[in-house]
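I have placed the structure first, in the form of structure tokens, so that the comments after it can refer back to it.
Derivation of every value follows stated rules applied to the coordinates shown; laboratory data play no part. Everything numeric in this text was worked out from a predicted model, so none of it was measured. Counting neighbours? That spans all protein chains shown, and the Cβs are built from the backbone with ideal geometry, glycine included.
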There are 2 protein chains.
Amino acid sequence: MLRTNTCGELNRSDINEIVTLTGWVSKVRNLGSLVFVDLRDRYGITQIKISPELYDKVQLKNEYCIKVRGTVARREEANPNLPTGEIEVLADSIDIFAGADLTPFIIADKTDALEDTRLRWRYLDLRRPILQKNMMIRHQILKSTRDYLENLNFLEIETPTLIKSTPEGARDYLVPSRTRPGNFYALPQSPQIFKQLLMIGGMDRYYQIARCYRDEDLRSDRQPEFTQIDCEMSFITRDDVLKVIEGLVDRIWKDVLGIDLEKFTAITYEDSVNKYGTDKPDMRFGMLLTDLTDILSKGSFEAFKGKVIRGIKVPGIAKEISRKAMDKDVELAKQFHIHGVSFFKFENGVISGSLGKFYTPEVLTELAEKEEMSEGDVLIFGADESEEKISFALGALRLEYARKLNLLDPDVFKPCFVVDWPLFGYVDGRLESLSNPFTRPKDEDLKYIDSDPSKIKSYSYDTVINGLELSSGALRIYDGRLQQKVFELLGLTDEDIKKRFGFFVSAFNYGTPPHGGFALGVERLAMLLCKTDNVRDVVAFPKNLQAVDVMCQAPSRVPDKDLDVVGIQIEEKYRKEE
Amino acid sequence: MLRTNTCGELNRSDINEIVTLTGWVSKVRNLGSLVFVDLRDRYGITQIKISPELYDKVQLKNEYCIKVRGTVARREEANPNLPTGEIEVLADSIDIFAGADLTPFIIADKTDALEDTRLRWRYLDLRRPILQKNMMIRHQILKSTRDYLENLNFLEIETPTLIKSTPEGARDYLVPSRTRPGNFYALPQSPQIFKQLLMIGGMDRYYQIARCYRDEDLRSDRQPEFTQIDCEMSFITRDDVLKVIEGLVDRIWKDVLGIDLEKFTAITYEDSVNKYGTDKPDMRFGMLLTDLTDILSKGSFEAFKGKVIRGIKVPGIAKEISRKAMDKDVELAKQFHIHGVSFFKFENGVISGSLGKFYTPEVLTELAEKEEMSEGDVLIFGADESEEKISFALGALRLEYARKLNLLDPDVFKPCFVVDWPLFGYVDGRLESLSNPFTRPKDEDLKYIDSDPSKIKSYSYDTVINGLELSSGALRIYDGRLQQKVFELLGLTDEDIKKRFGFFVSAFNYGTPPHGGFALGVERLAMLLCKTDNVRDVVAFPKNLQAVDVMCQAPSRVPDKDLDVVGIQIEEKYRKEE
């Protein structure tokens, strides 16, 4: 090694040692009679003290990459914020490995550089300690995952990434084939089929930290390529899988944050929607939805008749809430395709609000008692034919008020499983799988399969922490006839099935074990643990929202001959250089 | 869990325990009065004993996936070849999870099924214990690698796989972009640029088990997508990197095979070529090349005048070697663009051979003494202007005779580093990088950079075991001017440099640390450790030699609309359905 120590490890016990450090010049303070340099590497910062004579020879500037040989000495004034703050190194000699131009932005945690600038010089951005820390957290997530799963006999098996495009795979990235011009591979959106085939292949327990791809319009928490912790296991019940997930997440939280997570709550999809107004409940705070259908149907307000009425009580905001804020709430609620929401305030012991006139004082008192309203509380409520729609609208308001009331503590973690999802949803009147068509229906609901399949619940489960979906998964169908039946319910013809899942369906003919699994999003995990909302803060070389790598300038034009080799050409309208 | 135990763990100490096992029916022996079933899972095989009454109800066939509840009992005759061979399970009840049709081939280590058949039903092929073992070895390779590297402070960092295509990247797989139609990403052939940028970004030590892609005509040891253990480290000397590689390979051999590898030999490229006739020396056996130029120039054979003459001594084959075998050897040698090779036999104390007449008996005696020839030895020799050509030809014959003489013991491992490669080679009279243009020239050879760059050796190193190249790597250039100079020597114009490496070259302006690294091929490692020549034996879902996944039928046609979205179309001549 060109160094004897890193910049993060020297302390009092090293005083008088002769050491060699390497790293980057992070700061230069030239006092004339002495020069102090902060030397930085991945491990920390060490103060270097340089005589003016020596300094004259090297003339260090920020981000020079150097080697310093010298003696460890006690600092006159210790810096308690730095692990190396008690010492400094008196330089005997300094070698410059490479000089540096003025960087386009300052290498420090706080930066006002535009994200595009940071991405363009990502290798400089990565020198910022906060990004280095994020990369280390991401590393730790992967390491903890592997240690945990391998200890449970999961085998890491790599599945292919040049796979078959599925006809509905509109979000597939395609890869033209040279050996079969006119044909294409697709990059996988997940290893779903392969992990199930591994179970059919008797591998018993599989995991993979899998790169996946989805060509969709990007949001701030998405990247075209992303990574998931992908697992599948055989001969298990749902609770066996949940135990693995809970143990894994516990382990990650313990290793990364030193936190013992509390026991995971399990909540059904139905309860989650009814109480939290979402399938991703944030359990860090209350303000649960309540069912007001019985009480608020007692009035003369025609618009509520025959509908489901739900409300949430927001404590103590009656005085502050403005007309304008209420209008905004109504707008937010309307995004969920309901008519709107109304407000009751509880002030001076009585309920008031624009809909008050439709109810007798007795009903309003009953309401106040049921909701246990205190002085200053506000009840937000609304009605709709659809239980889910009104619930989701109020769920959004619940979150909105949690933000306003500062209830979303990033240092508190409330993990839960959302279980018993419906097997199907209706989209444009047609049945669709809520996750994928391989999810196993609950045994006790199989009786509805012909009469009312929408009633069927499935063995699927999401892991949610603080309203963020970390993982989803399910037990899978292992009976070929049931799989066939589900395909039929989804409206697939035999031709469709053969074309889309042919080889997979025929695998059911050779002894499929009961199996199930899950996939955990690594970027989501990392964002939660690094406490950032920006996925690009947890990816080493991310793409921007246009899916462009601004550092490398990818995607880019390629020579026609390279396209010719794979038998494709660019459509006329896109041919001219941009 | 649906089982209490796996099929690989019950033994004498479990006798009288009531257990539940799950797995696949591997064999049924119906003796009429009793039925014996071998139940198989990833962990092993357990014998199940079933009464005719119970068996009548289930009628098991091979590859049925079942659950068996029963009592562990001592076997009448123990099977010493099976870890569970001392016990059997007396079945109380049997549940069939899923039946099975007759499989297209028998699920056993020995199979005469065509590889195409096995690939088509890969999920059944994967049930063969030998493939399961291979997957477990591959898993262990990855696990040992991670444990070893993480312990040395290497950070696992994921680099992008949708990257920029480089103009010379003829072997790049392309991915058309939807957000910028007419533009393309490329899949990486290696994370080379990104790992160097991570060093510039101060990450100090990086590793990744990286999926890489190369669109080239396949050989039996190649796949279009493959995996490499990719490493890079800063502030190091060459020996620091070699120490990491040696420690890593040692660890893998120890963990997978329980073998303590001997200390790695380091041999220069020049010595390797001169002594082994290859840059990938197989050190399991001798038969080294010797330089015969001095001695064999003493004769009157005109064709040898002024040439380099080399030979290998093959012991004891004088009697067996036929004219035909010699002709074949000559043909093999000619593949290296030399005129051929000749043979001297040492029989009855004298050398004889067709070229004998060109030499005096004294010279022939001198030759026999120098080569320490014994009765029955054969000397194969040849000459060429090019030292490398004649050496490589004899190196191929050396290997050929090692095979014939059965010297290639798969249980013996001889690891070495081949170091000090030339920085450049000449291709069609032009300088070309032997590995990549970022490799650092040896300090002491920089003096040749203007006068004779072909003399420059580099800080590059290959790891070779038993003639198989496992890894290659190098220290990298960290001085921008030197990098510029190397680009110029390679004949790149400023325009070329900017277009191909623009952002990378400008990264040199901001303090690049001395760094270097290596990449180890996972498939190569796995093949060596699984003792197979077929890369498809160590890949879960491989492609065939036409780069086709015959199970999924990828690549395949995709709908025109999917191509339209990314702005491409198939060339006319490839449009018709195949």
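The table for this structure:
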read-out: Across the identical copies, how the B:E362 labels are spaced - nm, sorted shortest first, 7 Å along Cα→Cβ; value: 13.8
read-out: Inter-chain Cβ neighbour average for residues A:213-226, partner chain, 10 Å; value: 2
read-out: At most 13 other Cβ within 10 Å, DSSP loop - GluC sites (Glu not before Pro), the stretch A:427-507; value: none
read-out: Order of A:H339, B:H515, B:H337 under a 10 Å beta carbon neighbour criterion, fewest first; value: B:H337, A:H339, B:H515
read-out: Fraction of beta bridges assigned by DSSP in the protein assembly as shown that are antiparallel (%, nearest 5); value: 90 percent
read-out: Taking B:L90, B:L367 and counting other C-beta atoms within 10 Å, the order from fewest to most; value: B:L90, B:L367
read-out: P(r) histogram, all alpha-carbon pairs of the stretch B:285-408 included - 5 Å bins from 0, percent; value: 2, 12, 24, 26, 22, 12, 3, 0
read-out: Inter-label distance, nm, simple model (7 Å from Cα along the C-beta direction), B:K404/A:E53; value: 7.4 nm
read-out: Fraction of antiparallel bridges per DSSP, chain A only, in percent to nearest 5; value: 90 percent
read-out: Length released on extending from B:D564 to B:N151, taking residue separation times 0.36 nm less the Cα-Cα span; value: 143.8 nm
read-out: For chain B, with +1 on Lys and Arg beta carbons and -1 on Asp and Glu, the positive-most of B:Y64, B:V565, B:I477 along the dipole; value: B:Y64
read-out: Calculated SAXS-style log₁₀ I(q)/I(0) at q = 0.14, 0.21, 0.30, 0.31 Å⁻¹ - the stretch A:498-555, Debye, Cα scatterers; value: -0.68, -0.82, -1.18, -1.18
read-out: Cα-based equivalent ellipsoid, the stretch B:453-529: semi-axes from gyration tensor eigenvalues, Å; value: 30, 15, 13
read-out: Among A:N466, A:I229, A:Y359 - extreme Cα towards positive end, dipole of the protein assembly as shown, charges at beta-carbon; value: A:Y359
read-out: 20 Å reach of a label modelled at A:T117, 7 Å along Cα-to-Cβ, counting backbone N of the stretch B:163-203; value: B:201
read-out: Point-to-point label distance, A:D294-A:S374, nm (Cα→Cβ direction, 7 Å offset); value: 2.5 nm
read-out: Rg to Rh, two decimals, where the stretch A:336-477 supplies the alpha carbon set and Rh follows Kirkwood; value: 1.08
read-out: Those GluC sites (Glu not before Pro) in the stretch A:156-223 that DSSP places in a loop and that have at most 16 other beta carbons within 10 Å; value: A:E168, A:E216
read-out: Averaged over B:497-503, number of beta-carbon atoms from partner chains that fall within 10 Å; value: 2
read-out: Within straight-line cross-link reach of A:K447, aspartates and glutamates at Cα separation under 17 Å, skipping those fewer than 8 residues along the same chain; value: A:D420, A:D479, A:E488
read-out: For the protein assembly as shown, calculated [θ]222 nm from helices alone, where every DSSP H run of n ≥ 4 adds -39500 (n - 2.57); value: -8500 deg cm²/dmol
read-out: Label-to-label distance, nm, for residues given as B:E320 and B:K357 (7 Å Cα→Cβ offset); value: 3.1 nm
read-out: Phi to ³J(HN,Hα) by Karplus 6.51 cos²θ - 1.76 cosθ + 1.60 over the stretch B:564-571, Hz, x for Gly, Pro; value: 4, 4, 9, x, 10, 9, 7, 4
read-out: Pseudo-label separations to other copies for A:E375 - Cα-to-Cβ vector, 7 Å, nm; value: 12.0
read-out: Stretchable slack from A:T4 to A:K334, in nm (0.36 nm times residue separation minus alpha-carbon distance); value: 112.4 nm
read-out: q = 0.07, 0.08, 0.09 Å⁻¹, the protein assembly as shown: log10 I(q)/I(0) [Debye, one scatterer per Cα]; value: -0.84, -1.06, -1.27
read-out: Teacher prompt: B:L332 distances to equivalent labels in other copies, 7 Å Cα→Cβ, nm; value: 7.9
read-out: Averaged over A:198-208, number of beta-carbon atoms from partner chains that fall within 10 Å; value: 6
read-out: Calculated FRET efficiency for the pair B:T179/B:K573, C-beta based, R₀ 30 Å, to 0.05; value: 0.55
read-out: Along each principal axis, Cα extent of the stretch A:464-578, largest first, Å; value: 53, 46, 24
read-out: Filter on A:K328/A:K457; A:K328/A:K414; B:K307/B:K404; B:K334/B:K455; A:K313/A:K404 - keep pairs with C-alpha separation over 24 Å; value: A:K328/A:K457; A:K328/A:K414; B:K307/B:K404; B:K334/B:K455
read-out: Where Cα atoms sit under 22 Å apart: lysine pairs in the stretch A:38-143 separated by 8 or more or lying on different chains; value: 7
read-out: Listed peptides B:343-352, A:206-215 by packing density, highest first (mean Cβ within 10 Å); value: A:206-215, B:343-352
read-out: Under 17 Å from the Cα of B:K573 - lysines, other chains or at least 8 residues apart; value: A:K561
read-out: Charge dipole magnitude, Cβ of K and R +1, D and E -1 - the protein assembly as shown, Cα centre, debye nearest 20; value: 520 debye
read-out: Rg to Rh quotient for the stretch B:12-98, alpha carbon positions, Kirkwood Rh; value: 0.92
read-out: Using a Förster distance of 30 Å, the FRET efficiency for B:K61-A:I449 (Cβ separation, nearest 0.05); value: 0.60
read-out: Cα Rg, Dmax (largest Cα-Cα span) when computed across chain B, Å; value: 29.9, 91
